[in-house]
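So the structure is just underneath, and the comments pick up after that.
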Amino acid sequence: MLIQTTQLTKNVETSEGILHILQPTDLQISAGETVAIVGASGSGKSTLLSLLAGLDLASDGKVSIDNVNLGDLDEEQRAKVRADKVGFIFQSFLLIPSLTALENVMLPAELAGNKEAEQQARELLGNVGLSDRLTHYPNQLSGGEQQRVAIARAFVGTPKILFADEPTGNLDSATGHKVEDLLFEMNQASGTTLVMVTHDTELAKRCQRVLRMDAGKLTEVTGDVG
Amino acid sequence: MWARISWRLLKQELRRGELTIMAAAIVLSVTAVLSLALFTERLQSGLTARSAEFLAADRVLSSRRAVDESWLERARDEGLQLANRVVFNSMAFANDELALVDVKAVSEGYPLRGELRTAEQPYAPEQVTQGIPEAGEAWVASALFQELALEVGDTIEVGDSQFRVSKVLTYEPDVGFSVFTDSPNVLINYSELEATGLIQPGSRVRYNILYAGPGEALTEYEEWLKPQLNDDTHNWRSIEDGDSPLARSLRRAERFMLLASLLGVVLAATAVAVAAQRYCQRNYDVVAIFKTLGAQRQQIQRVFIMHLLLLTLLSIATGLLLGWLLQGLVVDLVASYFDVNLPPAGSRGYLLAAGTGLVSAVMFTLYPLLRLIEIPPLRVLNRQMTGSGSGRWLHWLASGGTIYFLLWLYSQQWLLSTALFAGGALAALILLLVGRLFIRASRQAGMQAGSAWRLAMAGLQRRAQANSVQMLSFSTAIMLLLLVLALRHELLADWQEQLPEDAPNYFLVNVAQSDVEQLQQRFEERNVEANDMYPIVPGRMIAVNDMPVLDEVSKEEQESAEAPQSEQREGFGRELSLTWRDELPPNNTVVAGEWWQDNAKPQVSIESEVAERLRVGIGDELTFNIGGEVFTVPITSVREVNWGSLQPNFYMIFNTATLSDFPATYISSFNLPQERKDELYQLFRPFPQVSLIDLDAIIDQLREVIEQVSIAILFVLILVIIAGILVLLAQVQASMEEREKELVILRTLGAPAKLLSRSVTYEFVILGAISGFIATLAMELSLWILQTQVFELAASVHWRFWLIGPLAGALIVGTMGRVACARLIRRNTAQLIRRLA
């Protein structure tokens, strides 16, 4: 199993008592799988994603990537795991505004000490159709273009897993579809495991597995997602 | 790799103006420190150089014995100019008359600073004279012409030598400010000194070596010489040393400029501190993205430290250039305005400025940077996350330590730095507390107000914690502004008042008792404003509480005999000018005991600094010897004397019963405008023995000191205004960012632009007004300390600042808030929402 959780739980303390954001969850995702997590706003999808990616720590239970328990690692070691194995795509793109498209894509590779960062970044930007936008800054790009830069950035380190949080949530539907196509094409070409949080059931259907999150409880969806 | 990433980030951020505030703050602090340091250094050395003429040299070594020749050689090697001046009392004979004179033998080159003026006849127009008397000649003060019935060309006998009187000596730059040098001067050539036969072992002679030259050479020589000097025999001084009004005035000028500059430095540093916070906040997202993408902590640290260093170094370079240009411009202006030449400054200013920029950028950013590096990666999903706020003490420690260090770095004075810092820290604490109280109170008031007000008050209350910190920087900026303004208007005015247009410009000494009434009448007839006449009785103080004091003569005897007894007090080593009086003289304040009423019992009032030096107080008994008559009087009051006033001032004043039976001469001072100078001869013709001391030159110099200080403070004021605006701007901008989200929500919900703009404006107006009020309070406190402790002035309350402070605060901060808000509201709602996404 590439990703495995056992009784993974997240609680937060509020003034009105303990809030169970994620009920104890067991989940296995194998290499190369594409998985969509759907659910209403506030159902805990993003929390699960942050735990799976090691961005946040669980209150209880275990989550492991490549058989390494993230709970046993400190912040630095978790960052290393992300640098080596994980790519991200966010709803709000989260590009660094003062870096060009090319520099944004190069960044993770550079942080990982990859000497061919620039060449790989150019290639990936070519793949997403932005060869002529290399020196543009995020504020000079449209929403769709920004998300394509983000996709290129996500693939630059040839990650094993790609986490996507509402990747088309900030885009109009036509642009959204183009970005989806691109994402799935690239994913297929690289054989990356995709874990995607979305409330768009159409998008979710394009994944091999769909999980539904409802008030912190995760269930496997079989049959019709909608 | 990280250096490359840092540079990429910096390049674009600079281009987009995102670092403008931080860069501007560092540039400003460097510019301010550099231009202040260079300008005040140049102004100060210019003033000192021009004041040096009253010493006839830059430095004087005064000695009781002839000075070691090797000391002089060393000075010549250092490239210093030298001249000899030997001064002693002697009797002079001419035309069968006899008079006590001060003989001054000077060598070629004298005076090294300033100029001699002579006339062809007594009271004839004087002219600047080059050179010194030839061998065999003497230049003689006009008073002696009367006393010895001399005429130019006569012969005067001093000791074994005879001199032909070739000129009337009308002005010597180094005559000093002592009005009690009542024997007229005879100036002769140094080469004639030995021939007079007056210099014998044990004779009371002052050997003076005059030095002049560039500052560094002087300092170097001074450092070499000082350890070899013997306090009992030698006295090394510059124009800034001593008790003369000019020395006091120069020292006060130095304190004024230093203090004003320090305020500028602190404010510039505050601007960096405020900007540093913002600098880090706007990188929160970037760090979260870095972390999400797998960046290691060390990598992030390196990227941002490099980023900050690059930004700082660029800003420092810009600041140095700007500062250098700015001071050059100001120096040119001052030079052409006052028609003076300001000597160039050393390298200290540059180091100081670069150091200030670097230290404040690094230290103020330390804590925000630590927080920045602690930003959790989860922020990419949850934008509210800002990491832990712990370790805030580190921030206060680093910031406080930095301000303290900068104060010390600039002033090199522990005491002044500590006093300013402790005062500032206390004020900050009070500001913080009072600020919170005010905000709480305003909430109550706001509940009854209209909707824009209510919104404003609610906002104030909700952001109480953030607001009270903001208020601290608002208040600090406004306070420093007010303080420099007050320094310029109030303190400087007090100082100027001591030198009014009609300040006495002549001292009158040696007036016979029989002439007093006639002279006063003459003044009245000719409409000359004269001060009181003070009787003068020369006398020595010989004992305190029946213990004899160490005197100059006895000291010399002891040097060869046994070591001085340590408990024995040091006397004055000379005759004092004693006076008596019924009323307390103007410019004197009794600080202990009481001024006497009509009282027949003998008593004396002593000047406070002398009392301190002699370790005496009320009830102690002083013994005096006047012309062989010895008597003892108790001290019944201690007076503080304003030595800056151009009035006759005395160490010892007796009541009438004690002294009035002794024979006395009188002194006074009066004002005669320059254009009426011709009347002097007519005025004093009937009183040939009276000597006049012309103070115009020294008064002009005193005025120049004040005027230049006033220019310097104006310059500081302008810098402080710029720094203040920058602090306010940075703070308003930072707090607008906090308000942004709320404004967007209200706007989206359909709140009219007018309501939002008003509520923001009101919020800032209230913040500004409270800050202004607190600032005035703090300023008043600081001013009180400055007036009473630093500048020896009377304390006063500055009522108009109580109006200016809050009004200016409300106006400036309110306007800035409104402008910042208007920019936000101009955007359409869709744009706004995207901005928050």
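Numbers for the structure displayed
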read-out	value
Least to most buried among B:ASP502, B:ASP174, B:ASP96 (fewest other Cβ within 10 Å first)	B:ASP96, B:ASP502, B:ASP174
Globularity ratio of segment B:506-694, using Cα Rg and 2.2 N^0.38 Å	1.15
Distant-in-sequence amide H partners of B:GLU570 (H built 1.01 Å from N, under 5 Å)	B:LEU550
Ranked B:PHE523, A:PHE93, criterion: other C-beta atoms within 10 Å, fewest first	B:PHE523, A:PHE93
Reachable lysines, given that their alpha-carbon falls under 18 Å from the alpha-carbon of B:LYS754 and they are not under 8 places away in the same chain	B:LYS741
Where labels lie 7 Å past Cα in the beta-carbon direction, separation of B:LEU755 and B:LEU394 in nm	4.4
Paramagnetic reach from B:ARG383 (point 7 Å along Cα→Cβ, amide N under 18 Å) across segment A:157-179	A:165-172
Contour excess over end-to-end distance, with Cα ends at B:ASN599 and B:HIS489 and 0.36 nm allotted per residue	35.2 nm
Using a Förster distance of 22 Å, the FRET efficiency for B:GLU194-B:ASP68 (Cβ separation, nearest 0.05)	0.75
Difference of contour (0.36 nm per residue) and Cα-Cα distance, B:GLN281 to B:ILE721	155.8 nm
Amide proton proximity set for A:LEU211, modelled H, under 5 Å, gap of 5+	A:ALA36, A:ILE37, A:VAL38, A:VAL221
Per-residue mean of C-beta atoms belonging to partner chains within 10 Å, peptide A:93-102	5
Relative contact order of segment B:506-694, defined on C-alpha pairs under 8 angstrom at six or more residues apart (%)	38
Chymotrypsin sites (Phe, Trp or Tyr not before Pro) restricted to segment B:209-264 and DSSP loop, no more than 13 other C-beta within 10 Å	none
Pairs beyond 27 Å (Cα-Cα), from A:LYS45/A:LYS80; A:LYS45/A:LYS160; A:LYS45/A:LYS205; A:LYS10/B:LYS291; A:LYS178/B:LYS291; A:LYS62/A:LYS115	A:LYS178/B:LYS291; A:LYS62/A:LYS115
Distance-filtered residues of segment B:762-793 - backbone nitrogen under 15 Å, label point 7 angstrom along B:GLN461 Cα→Cβ	B:763
Cα-centre dipole for segment B:506-694 with unit charges at Cβ (Lys and Arg positive, Asp and Glu negative), debye to 20	320
Two-site label geometry, A:VAL68 and B:GLN674: point separation in nm, points 7 Å out along Cα→Cβ	8.6
Distance in nm between pseudo-label sites at B:GLN513 and A:ASN139 (7 Å out along the Cβ direction from Cα)	9.1
Cβ neighbours within 10 Å from other chains - mean over B:292-305	6
R0 of 35 Å, Cβ-Cβ distance A:SER131-B:SER336: FRET efficiency to nearest 0.05	0.05
Extension gain (nm, one decimal) between B:ASP661 and B:ASN230, 0.36 nm per residue minus Cα-Cα	151.0 nm
Average other protein chain Cβ within 10 Å of Cβ, residues A:104-111	5
Total charge dipole magnitude, segment B:62-237, about the Cα centre, Cβ charges on Lys, Arg, Asp, Glu only, Debye to nearest 20	280
Dipole in debye (nearest 20) - segment A:98-179, about Cα centre, beta carbon charges: Lys, Arg +1; Asp, Glu -1	120
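A short reminder: the numbers here are calculations on the coordinates, not readings from a lab. The model shown is predicted, which means the values in this text are computed figures rather than measured ones. Heads up, the Cβs are rebuilt from the backbone with ideal geometry, glycines too, and the neighbour counts pull from every protein chain shown.
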